[in-house]
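Colleague: What follows is a structure written as structure tokens; I'll ask about it next.
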Amino acid sequence: MNFDFSHWDDAALATFVAALVAGGVALLTLIVTVIVGIVSSSKINNLTRREQWWTRWSWTIEKSLSQHRYEREIGQSMMDALVTRPWVTEDDKVMAKTIAAGIVKMEEAFAAAATAEAQAGHRAQGTGRDADGRAEQEAASPSASAPRRTFQSAMQGVVRRFNRERRTHD
């Protein structure tokens, strides 16, 4: 197809060229708009995924600190699954490892305390005292659960600090 523009007057040719330029600009604008839309959508999806990840992560920490062993196991399994997500940053992984190490230490302390309590319980039977040799009134004191509260407070401090850092980086 060969176009011969020699018989067109100058005004018609100028109008034709202007229409071609306008069409090219419109096409370029459309392409740029689509690219910007795709990039924006990708960023929004990434932020949404990260927010969902943080919601799940908070739930995981809560479950991992539960007084019920089966809930702690569920929380720890979920923690393992969450750190494998592609949008998890290196900082997230460091935090996860730190929290997991703290939970492992907590589990070890619980196991050691349970073992010691069981052994002391055998020795204390029939003495009118609890497994630690304290009177029942002493055993019911709030300080009996102090190590657990201290650990939970420390873990909550880690989570609050992470939240503050995350807000300043976002």
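Colleague: Return the total of residues in the stretch 10-19 being loosely packed, with under 10 Cβ neighbours inside 10 Å and aliphatic (A, V, I, L, M).
Modeller: Residues in the stretch 10-19 being loosely packed, with under 10 Cβ neighbours inside 10 Å and aliphatic (A, V, I, L, M): 1 in total.
Colleague: Looking only at the stretch 80-93, filter to residues that are more than 25 Å from Q67 (Cα to Cα) and in a loop (DSSP other than H, G, I, E, B); which one of those is nearest to the chain's Cα centre (by Cα)?
Modeller: V88
Colleague: Just to check your reading of the model, which residue among A26, A12, A96, A100 is among the small types (G, A, S) and under 12 Å from the mean Cα position of the chain (by Cα)? Break it down stepwise before answering.
Modeller: On the way: A26 fails: under 12 Å from the mean Cα position of the chain (by Cα); A12 fails: under 12 Å from the mean Cα position of the chain (by Cα); A100 fails: under 12 Å from the mean Cα position of the chain (by Cα).
Matching residue, one of A26, A12, A96, A100: A96.
Colleague: So in the stretch 60-74, with the set limited to residues that are modelled with pLDDT under 85 and surrounded by 12 or more Cβ atoms within 10 Å (Cβ to Cβ), which one is nearest to T48 (Cα to Cα)?
Modeller: That would be S64.
Colleague: Given I74, I31, I61, I38, which one is among the β-branched types (V, I, T) and touching a Ser or Thr at 6+ places or on another chain (Cβ under 9 Å)?
Modeller: Only one candidate qualifies: I74.
The values are calculated or read from the model by the stated rules, or taken from the named source; none is laboratory data. Everything numeric in this text was worked out from a predicted model, so none of it was measured. Here Cβ is always computed from backbone atoms with ideal geometry, including for glycine, and neighbour counts include all displayed protein chains.
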